[in-house]
Each structure stands twice: as structure tokens, then as C-alpha cells.
1. Give me the strands (runs of 3 or more DSSP E) completely within the range 12-109, filtered to those with at least 1 residues that are surrounded by fewer than 12 Cβ atoms within 10 Å (Cβ to Cβ), modelled with pLDDT of 90 or more and touching a strand residue (DSSP E or B) at 6+ places or on another chain (Cβ under 9 Å), ordered by residue number.
2. Identify, please: which residue in the range 1-11 is assigned to a loop (DSSP other than H, G, I, E, B) and touching a helix residue (DSSP H, G or I) at 6+ places or on another chain (Cβ under 7 Å) and is, among those, surrounded by the most Cβ atoms within 10 Å (Cβ to Cβ)?
3. Taking the condition of being closer than 12 Å to residue 23 by Cβ and touching a strand residue (DSSP E or B) at 6+ places or on another chain (Cβ under 8 Å), how many residues in the range 110-121 meet it?
């Protein structure tokens, strides 16, 4: 029996969390939910997911970036695939994410709303 890949969703939009959880579970993933960055970081420490999907803007404009910075500073999060979600059109310095102190590396940026098929394809590409 193969172990299901663990995906952590960090987003303050409960409807988005529930809908995305169903999509991912239907495709065979074990899904964990966090409704803010702090609980998301705590869950990463406790469950060590195979992938985290992080909303860029939650309570504060840059909360998603704070989460990613913290994840990348953890031993268990250094190489964890990260997808960042954005409901806004990314302009200026946010258009491309290159590894730097301010914007640690993310594997992929997706714009909301994300089509279910696209999300599954990207998750499979990153974690199988």
C-alpha cells in the first residue's frame, strides 16, 4: 500500500480551502488545512507535508511571504515544494520570484481562481 502524499493548504478563505480539499482528496492526496499563516507554520512542523499551497494575502498583505520565509528557514522546509496563490495581478517586484532574502524561493505561482485540472497537474508535477 502506498502512502498518500500530504498537501497543506494555507488560506484564510474557508470556501476555497474546502473546495480545494475536495479536489485534492479526489485525486488521492491527504489534505491538511490552516486558516492563517501561524497555524500553517505550526502544521508544517507537526505533519511535514510533501507540498504546501500558500495564499499570498491573508490577514496582512504579505502574510504568505512571511510563511514562505519561515518554511524555508526550517530544516524540514528547505526543499519542500511551495506553491503561492495570488488573487491579484502580480506586478513589479512581485512578478517573478527569484530566491532572495525578501522573497524566498517558491516553486510556482498560481493566480486565483485556479482550475481544478490545472491545480492537480501542478501538484502531480511537484510531488507525484
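1. Values: elements: 30-34, 51-55, 82-86.
Here the list is empty.
2. Our first condition is that a residue be assigned to a loop (DSSP other than H, G, I, E, B); within the range 1-11, this holds for 1-5, 11.
Subset that is touching a helix residue (DSSP H, G or I) at 6+ places or on another chain (Cβ under 7 Å): 5, 11.
Values: 5: 19, 11: 25.
The residue in question is 11.
3. Number satisfying all stated conditions: 3.
The values are calculated or read from the model by the stated rules, or taken from the named source; none is laboratory data. Keep in mind that what you see is a predicted model, and the values were worked out from it rather than measured. As a convention, Cβ positions derive from the backbone with ideal geometry for all residues, glycine included, and neighbour counts pool all protein chains shown.
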